[in-house]
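A.B. asks: Submitted below is the structure of interest, expressed as structure tokens.
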Amino acid sequence: MEAKTVDVSRGIVWFTGGWRIFMKNPGLWVVLGIIMLAIAVVLSIIPILGVLALSLIMPVLTAGLLYAAREADEGRALDVLHLFQGFRERDKLTPLLSLGGIVLAGFVLSVAVAFLVGGVSMVTFMMGANPEMMRGAAAGMLVALLAGLAVQLVVVLALVYAVPLVMFHGVPAGQAMGSSLRANLRNVLPLLVFGVIYLFIAVLATLPLLLGWLVLLPVSAGTLYRSYKDLYEPA
């Protein structure tokens, strides 16, 4: 499947659409967000294996939130079990877990790229050489950080619409990632508008001890679903 190219104003429409989906049942949406955050926190505190498991299942849980968003958007009742819909649909589980494996591989690759680009600068900085060399090392470490972030950005762009394509259309993981990456490249401007709005709201959500994320997380699921629907499904 290939995405359409949409008008720049759609970046605003996606967020307002996600908010409307949230407001159809805000209480249950907050519960879904709490459950997902609790799973993430519990797995994160388990050394190595917990982090690996979280990376693998995150696309599956995200698919569940998108499934819940579709149910709400089409006027059907929400259910807590919707969060686990990706586990319940066996034909979708393997490709969703494959996407999780790609998330993990992307993280490892970004670290490797950062180390290759800035490894010498890091050693120089740690050795505490003269001020001129230290400034050069700091600049090298900044370039390494940006290189690692660039790798992670590509992975995110390839995954963002891959999850709904797998969940709703059964598209193979590799094809879904390619389509997702092309969709983002074709719609840079509306995504940029959306990104600016989202960044501002995310900062506000973070200030009160991260409590705003109990709302922003489910709203984000609705927003992602609305953008996917706008780009991939008939009007």
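A.B. asks: Under 7 Å between Cβ atoms, at least 6 apart or on separate chains: pull out the pairs that start in segment 77-100 with a residue that is over 19 Å from G33 (Cα atoms) and open to solvent by less than 70 Å² (accessible area, probe 1.4 Å) and end on any residue that is hydroxyl-bearing (S, T, Y) and at pLDDT below 95.
C.D. replies: From residues that are over 19 Å from G33 (Cα atoms) and open to solvent by less than 70 Å² (accessible area, probe 1.4 Å), the pairs are G100/S55.
A.B. asks: So A144 ticks every box in (1) farther than 20 Å from A173 by Cβ; (2) among the small types (G, A, S); (3) out of contact with any Ser or Thr (no Cβ under 8 Å at 6 or more places or on another chain); (4) at pLDDT below 95 but one. Which box is left unticked?
C.D. replies: (3)
A.B. asks: In segment 38-51, which residue that is at pLDDT 90 or above and open to solvent by 60 Å² or more (accessible area, probe 1.4 Å) is farthest from T94 (Cα to Cα)?
C.D. replies: This residue is I45.
A.B. asks: Okay, moving on. Quick one: count up the residues across segment 34-72 that are under 27 Å from H169 (Cα atoms) and among the polar types (S, T, N, Q).
C.D. replies: Count: 2.
A.B. asks: Would you check if V151 is at pLDDT 90 or above and not in a helix (DSSP H, G or I)?
C.D. replies: Here the answer is no, as V151 does not meet what is asked.
The values are calculated or read from the model by the stated rules, or taken from the named source; none is laboratory data. As the structure is a prediction and not an experimental result, all values here were calculated from the model. Positions of Cβ are generated from backbone atoms using ideal geometry, with glycine treated the same way; all protein chains shown enter the neighbour counts. The protein model used for the area step is the full one, side chains on, heavy atoms only, and it has no ligands, DNA or RNA in it. Shrake-Rupley method; radii C 1.70, N 1.55, O 1.52, S 1.80 Å.
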